[in-house]
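Scroll down for the structure; my scribbles are underneath it.
Nothing in this text is a laboratory measurement; each read-out follows from the coordinates by a stated rule. Being a predicted model, the structure only gives us computed values, none of them experimental. As a convention, Cβ positions derive from the backbone with ideal geometry for all residues, glycine included, and neighbour counts pool all protein chains shown.
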Amino acid sequence: MARPPGVTLADLVVLSMLSERPMHGYELWAELERRQVDKWASISRAQVYYSLRKLADARRITPARDDDSSLGPERRIYTPSDAGRRMLADTLAQARWASQRPPDPFLTWMVLSWQARPRDFTAQIERRRRFLEKQLSDDRDALAAVIEETSPTSDAAMVVRLSIMQFETELAWLDEVKARHRPG
């Protein structure tokens, strides 16, 4: 099945979040930040608001009634329409989600690094190590928070565990890279 025209990652994230419960834009973005969207989806606040407008115009989401007058008249609470839920399910059924390999900038750098000066190569390896150690620490903290909020076997906990394992594996690999003898 072909991807519906114009469906972006932000559209899918918005539809998924609204499937959990009706929300307005600010609440949606706050929840995405709380869930550390920057670690699992490359989307911005502006993209979320654009998706809300686009999905509403396409009738993939509809306004939901909200009796909380403290939010003010400008806040529109949205929920997915049946068409929006179908689009989300159809898009998530596509093979591309499980059969693509995005390029990692560090791996690209590594392939090209034979052109780097030895001191710069060493500096980049150490920079990467510090980055990975910080990410590993952050993800361990995130895992504890996710488990407290959900369960040790939730999808979110499993994703964070995978990330931790990948960082640990790359740190071990960096030891091998550093230990090899580089000419120059």
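Of the residues P80, P102, P118, which exhibits the maximal mean-square fluctuation in a Gaussian network model of the chain defined by a 10 Å Cα contact cut-off? In the Gaussian network model the winner is P102. Each residue of region 110-116 was assigned a 3J(HN,Hα) from its phi angle through the Karplus curve 6.51 cos²θ - 1.76 cosθ + 1.60 (θ = phi - 60°); the sequence is 4, 4, 8, 5, 5, 8, 6 Hz, with glycine and proline shown as x.
In a Debye calculation with equal point scatterers on the alpha-carbon sites of region 9-97 and no solvent, what is log10 I(q)/I(0) at q = 0.16 Å⁻¹? Once normalised to I(0) and log-transformed, intensities are -0.61. Within the same chain, lysines fewer than 8 places from K178 are excluded, and of the rest, those with a Cα less than 30 Å from its Cα are K39, K134.
Remark: the A145-R53 segment gains 29.9 nm on full extension, using 0.36 nm per residue and subtracting the alpha carbon distance. Of the trypsin sites (Lys or Arg not before Pro) found in region 131-167, no site is in coil according to DSSP while having at most 14 other Cβ atoms within 10 Å of its Cβ. For the pair region 122-154 / region 82-116, the C-alpha centres are spaced 21 Å from each other. Ranked from largest, the principal axis spans of the Cα set of the chain equal 67, 38, 30 Å. Which of the aspartates and glutamates could a cross-linker span from K54 if the Cα-Cα distance has to be under 17 Å and same-chain partners fewer than 8 positions apart are dropped? Those aspartates and glutamates meeting the cut-off are D11, D82.
Kirkwood hydrodynamic radius, region 105-179, all distinct C-alpha pairs: what's the number in Å? Value: 13.7 Å, from the Cα pair sum.
For A116, the amide hydrogen comes within under 5 Å of no other amide hydrogen, counting only partners 5 or more places away or on other chains and with H modelled in the peptide plane.
Rounded to the nearest 0.05, the FRET efficiency derived from the C-beta distance between A89 and T169 at R0 = 25 Å is 0.15.
In the chain, helical runs assigned H by DSSP with n ≥ 4 each contribute -39500 (n - 2.57); averaged across all residues and rounded to the nearest 500, the mean residue ellipticity at 222 nm is -20000 deg cm²/dmol.
The length gained on full extension between A46 and E33, counted as 0.36 nm times the residue separation minus their Cα-Cα distance, comes to 3.4 nm. For A64, the residues whose amide H sits under 5 Å from its own are I77, Y78, T79, ignoring neighbours fewer than 5 places away on the same chain, with H placed 1.01 Å from N.
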